[in-house]
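Below you'll find the structure, written out as structure tokens, and then a few comments.
FYI, it's all coordinate maths here, none of it is from the lab. Everything quoted here is computed from the prediction, not taken from an experiment. Note: ideal-geometry Cβ built from the backbone for every residue, glycine included; neighbour counts use all protein chains shown.
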Amino acid sequence: MDHFNYHGGILHAEDVSIPEIAATVGTPFYVYSAATLRRHFQVFDEALAGLDHLVCYAMKANSNLAVVKLLGEMGAGMDVVSAGEYLRAKAAGIPGERIVFSGVGKTREEMRIALEGGIRQFNLESEPEMLALSQVATSLGVVAPVTIRVNPDVDAKTHEKIATGKSDNKFGIPIGRARAAYAETAAQPGLKVVGIDVHIGSQLTDLAPYRAAYEKVAELTRSLRADGHEISRLDLGGGLGIPYEQSNAVPPLPMDYGAVVRETVGDLGCEIEIEPGRLIAGNAGLMIARVIYVKQGAERKFLILDAAMNDLVRPAMYEAHHDIVPVAEPPAGAAQERYDIVGPVCESGDTFAKGRSLPAFAADDLVAFRSAGAYGAVMASEYNSRPLIPEVLVDGDRFAVVRARPSYEEMLARDTVPDWL
Ligand SMILES: *Cc1c(COP(=O)(O)O)cnc(C)c1O
């Protein structure tokens, strides 16, 4: 559910009309709905009601400071995967004891920054990383709370680029090696074992892989406790999918996911952490673009937009579908055209959709990409020297630019030419 609807024939973000924002910030831009973000966080929080739990929003989905602050004020913890995200969380006022540090290649510098600033736990992903963290913690005179991310070898049945729980992925320690890894971790002077971590992938549309993975985690909890480890936290990762196509089957609801958590690990007396990203931010954002030209090719009709793959890379990178709708509501029964919807970048991969049936568009019309709040702005680049597009947050009838569009001068000023040229 989101808060992007037509009122009086014009698409709105909550109570603010999209053309009004476009007139203020120009196109293209991202717009987020505060009410949707809040609702999605609450849905997860309620799905785990009755369990001792912390919802750690996976910041990599959308790490804008305003988004992080809004969720933090609702009580969210954060799952970070870099020192940059850690520092964003801190800048947004998230206390260290609510920040979990994930990721397969944390550097010593990143470990130091998090240990000095305060951290809830590191999720370790390899034996060499474990040894490095122990050394860094010891050198700072502290003990780092850790879990080990285990790779349960289950097939998440999602796009191969976002599946992370199979034994041939780079993530985690094979679950068969977990007891040895825990024994080694417990022996390190700079580390304290607090739990187990697992994350099997993103955009999951089926609960069965979760059930399979969490059953293995429950079994491992019992073995590790028998080995004498204190397992008091289970970090169950993120990855619950969202509906990208309104016409398609709906992915499982957080409530049903919560039931799987309860049934598999609910009786272990552990604090439960979950790390949803996409489900919180995905349907809380639109990308708005303007039609530059309608071009008739030899066989196909192209809608050429002012947004491109550098602004929203998911279609090019994951063959992802985004619903694309006109900002001006078409009259009922309006004639449909078939369009290839593309950006101006010099690559055929710069295609958002092929043969999409939509009401007829003309130059200057505004279009909205739905479900663009997660893995949209954060994955943008300045490819083709196109400045990053702005982000706007709406809350009821007010809106604010939460990241401004850099000017061309600002973009150029980041390069320097050596004086010997
Ligand atoms: C990407 C990631 C998440 C979030 O995944 P979503 O699909 O956005 O929910 C959570 N935890 C870890 C470790 C991740 O890498």
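Annotations for the structure displayed:
- Positive-end extreme of charge dipole, the chain - chosen from Pro315, Leu11, Val43 (charges on Cβ): Pro315
- Loop-located chymotrypsin sites (Phe, Trp or Tyr not before Pro) in the range 150-250, at most 13 other Cβ atoms within 10 Å (DSSP): none
- Fluctuation leader among Gly355, Gly343, Gly258 - the chain, Gaussian network, Cα springs under 10 angstrom: Gly355
- Net lengthening on full extension, Met255/Leu140 (0.36 nm per residue, minus Cα-Cα): 37.2 nm
- Computed from the Cβ-Cβ distance with R0 of 45 Å, the FRET efficiency linking Leu421 to Gln336 stands at 0.25.
- When Rg and the Kirkwood Rh are both derived from Cα coordinates, the Rg/Rh ratio for the range 278-340 amounts to 0.99.
- Low-density loop positions, trypsin sites (Lys or Arg not before Pro), the range 144-207 - DSSP coil, at most 12 other Cβ in 10 Å: Lys170
- If R0 is taken as 25 Å, the Cβ-Cβ distance between Glu127 and Glu230 corresponds to a FRET efficiency of 0.80.
- Under 5 Å from the amide H of Leu124 lie the amide H atoms of Thr147, Ile148, Arg149, each residue being 5 or more positions distant or on a separate chain, with H modelled from the backbone and absent for Pro and chain starts.
- Note on the range 321-391: Cα convex hull, mean projected area over all directions, 5.7 nm².
- Length added when fully stretched, Ala23-Ala186, from 0.36 nm per residue minus Cα-Cα: 52.8 nm
- Selection among Leu268, Val55, Leu207 by position relative to the dipole of the range 34-279 gives Val55 as farthest towards the positive end (Cβ unit charges, Cα centre).
- GluC sites (Glu not before Pro) within the range 366-414, DSSP loop, no more than 15 other Cβ atoms inside 10 Å: Glu382
- Rounded to the nearest 500, the helix-only mean residue ellipticity at 222 nm of the chain stands at -8500 deg cm²/dmol, with each DSSP H run of n ≥ 4 adding -39,500 (n - 2.57).
- Just so you know, the Rg over Rh for the range 34-279 is 0.94, from Cα atoms, with Rh as the Kirkwood radius.
- The simple spin-label model puts a point 7 Å past each Cα toward its Cβ; for Ala362 and Ser167 those points are separated by 6.2 nm.
- Rounded to the nearest whole Hz, the Karplus-based 3J(HN,Hα) values (6.51 cos²θ - 1.76 cosθ + 1.60, θ = phi - 60°) of the range 162-175 follow the sequence 10, 8, 10, x, 8, 5, 8, 7, 7, 8, x, 9, x, 4, with x at glycine and proline.
- Farthest towards the positive end of the charge dipole of the range 34-279, among the residues Pro95, Gly172, Gln121, is the Cα of Pro95, using unit charges on the Cβ of Lys, Arg, Asp and Glu.
- Nearest-20 debye value, the chain charge dipole, Cβ charges on Lys, Arg, Asp, Glu: 340
- Computed over the chain with a Gaussian network model linking Cα atoms closer than 10 Å, the most mobile of Ala49, Ala66, Ala92 is Ala49.
- Derived scalar couplings between HN and Hα for the range 292-297 equal 8, 9, 9, 10, 8, x Hz in order, rounded to whole Hz, by the Karplus curve 6.51 cos²θ - 1.76 cosθ + 1.60 (θ = phi - 60°), x for Gly and Pro.
- Anisotropy class of the range 1-54 from Cα gyration tensor, a/c 1.5 cut: prolate
- Relative to the Cα centre, the charge distribution of the range 324-421, modelled as +1 at Lys and Arg Cβ and -1 at Asp and Glu Cβ, gives a dipole magnitude of about 340 debye.
- Calculated over the chain, the projected area of the Cα convex hull averaged across directions stands at 23.4 nm².
- The range 288-421: translational diffusion in µm²/s, Stokes-Einstein, Kirkwood Rh over Cα pairs, 25 °C, 0.890 mPa s: 149
- Nearby aspartates and glutamates by direct alpha-carbon distance to Lys170 (threshold 17 angstrom, same-chain neighbours under 8 apart not counted): Glu125, Glu127, Glu129, Asp153, Asp155, Glu160, Asp197
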